[in-house]
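Just below is one structure, and these are the notes that go with it.
The values are calculated or read from the model by the stated rules, or taken from the named source; none is laboratory data. In this text, all values refer to a predicted model and were calculated from it rather than measured experimentally. Cβ atoms come from the backbone with ideal geometry, glycine included; neighbour counts cover every protein chain shown. Note: accessible area is taken over every heavy atom of the protein model, side chains too, but ligands, DNA and RNA are not part of it. Shrake-Rupley method; radii C 1.70, N 1.55, O 1.52, S 1.80 Å.
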Amino acid sequence: MAFDGIVLKQVIKELESCLLGGKINKIYQPNKNEILFGVYSNGKHYTLLVNIDANHCRMHLTNYSKPNPLNAPNFCMLLRKHLVRCKN
């Protein structure tokens, strides 16, 4: 299934209910195609997984944690610099 604009619109609509107004407090990049965002919203902690792999692209909330590398990749550090402590 293609991850096109129609699918993305529905994903955003679904995630708005729990993440809107939240604050990003953690960002991890377990591998080159996945990014995990820790978001604190409405008194709860959420983890948003964003995967850009060509065969498994997806975006959803998860409770599953993955092992992270000892040194964060440069892209992850760039995201942390600009997004941590930002409200969405």
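For this structure, a couple of remarks:
- Check on residue 68, open to solvent by less than 100 Å² (accessible area, probe 1.4 Å) and polar (S, T, N, Q): yes
- Boolean, residue 22 is small (Gly, Ala, Ser) and in contact with a strand residue (DSSP E or B) (Cβ under 6 Å, 6 or more places away or on another chain): yes
- Test result for residue 45, open to solvent by 50 Å² or more (accessible area, probe 1.4 Å), part of a strand (DSSP E or B) and touching a residue at least 40 places away in the same chain (Cβ under 8 Å): no
- Scope the range 20-35; condition assigned to a loop (DSSP other than H, G, I, E, B) and either under 12 Å from the mean Cα position of the chain (by Cα) or surrounded by 14 or more Cβ atoms within 10 Å (Cβ to Cβ) (or both); matching residues: 22, 33
- Applying the criterion of being assigned to a loop (DSSP other than H, G, I, E, B) and under 24 Å from residue 16 (Cβ atoms) to the residues of the range 51-64, the residue that is most open to solvent (accessible area, probe 1.4 Å) is 63.
- Within the range 51-67, residues that are touching a residue at least 24 places away in the same chain (Cβ under 8 Å) have Cβ atoms under 6 Å from residues that are in a loop (DSSP other than H, G, I, E, B) in these pairs: 57/3, counting only partners at least 6 apart in sequence or on another chain.
- Residues in the range 29-42 that are at pLDDT 90 or above and either touching a Phe, Trp or Tyr at 6+ places or on another chain (Cβ under 9 Å) or closer than 17 Å to residue 16 by Cβ (or both): 29, 32, 34, 35, 36, 37, 38, 39, 40, 41.
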